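Inspection log for the structure reproduced underneath, given as structure tokens.
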Amino acid sequence: QVQLVESGGGYVQAGGSLSLSCVVSGTIFGISRMGWYRQAPGKGRELVAFIVSGGSTNYADSVKGRFTISRNHAKNTMYLQMNSLKPEDTAVYYCNVQYYAGADYWGQGTQVTVSS
């Protein structure tokens, strides 16, 4: 059974930084893509960034140049470094893992609040 556990959310002033982590318990064999999503109050869940098995990354336009996604296979962990945070980045952030076989898993979410 695969479980994802996020950590690192919190409260920060605009312009500040936070780093999120997502630990994957269970097999990492067969993962095709790992990503971060977020959901702000009253809005739908949106993709923030993802990294594919080959290492290529992709970012939402709203976070390009400010956020960096990375992973550490040895630690079964994915990261999201968030710099120059803005109040509009306030949301619950979720990690997601997709497998080639079709399985799709989500973490429980971690709150990020950016004050103006």
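The values are calculated or read from the model by the stated rules, or taken from the named source; none is laboratory data. Note that the structure is predicted; figures quoted are calculated from it, not measured. Cβ coordinates were reconstructed from backbone atoms using ideal geometry, including for glycine residues, and neighbour counts include every protein chain displayed. These area figures cover heavy atoms from the full protein model, side chains too; ligands, DNA and RNA do not enter into them. Shrake-Rupley method; radii C 1.70, N 1.55, O 1.52, S 1.80 Å.
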Inset, instruction - Compute from the Cα atoms of the chain the Rg and the Dmax, the latter being the longest Cα-Cα distance, and quote both in angstrom. - result: 13.5, 43
Legend entry - Those lysines that a straight Cα-Cα span of less than 22 Å connects to LYS43, excepting residues fewer than 8 apart in one chain: LYS64, LYS86
Legend entry - Sulfur and carbon atoms: percent of accessible area, the chain [1.4 Å]: 50 percent
Inset, instruction - At 1.4 Å probe size, with every protein chain present, just tell me what the per residue accessible area of the chain comes to in Å². - result: 51 Å²
Inset, instruction - Would you calculate the separation in nanometres between label points at ASP61 and ARG45, each defined as 7 Å from the Cα along the Cα-to-beta-carbon direction? - result: 2.4 nm
Inset, instruction - Obtain the nm distance between the two label points defined at ASP104 and VAL52 by a simple spin-label model: each point lies 7 Å from its Cα along the Cα-to-C-beta direction. - result: 1.8 nm
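Report relative contact order for the chain in percent, whole number only (criteria: Cα-Cα under 8 Å, sequence separation at least 6). Before the final figure, lay out each step's value.
On the way: 278 pairs, mean separation 42.6, N = 116.
Relative contact order, the chain: 37 percent.
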Inset, instruction - Tell me the label-point distance for the pair ASN72, SER32, using the 7 Å Cα-to-Cβ offset, in nm and rounded to one decimal. - result: 2.8 nm
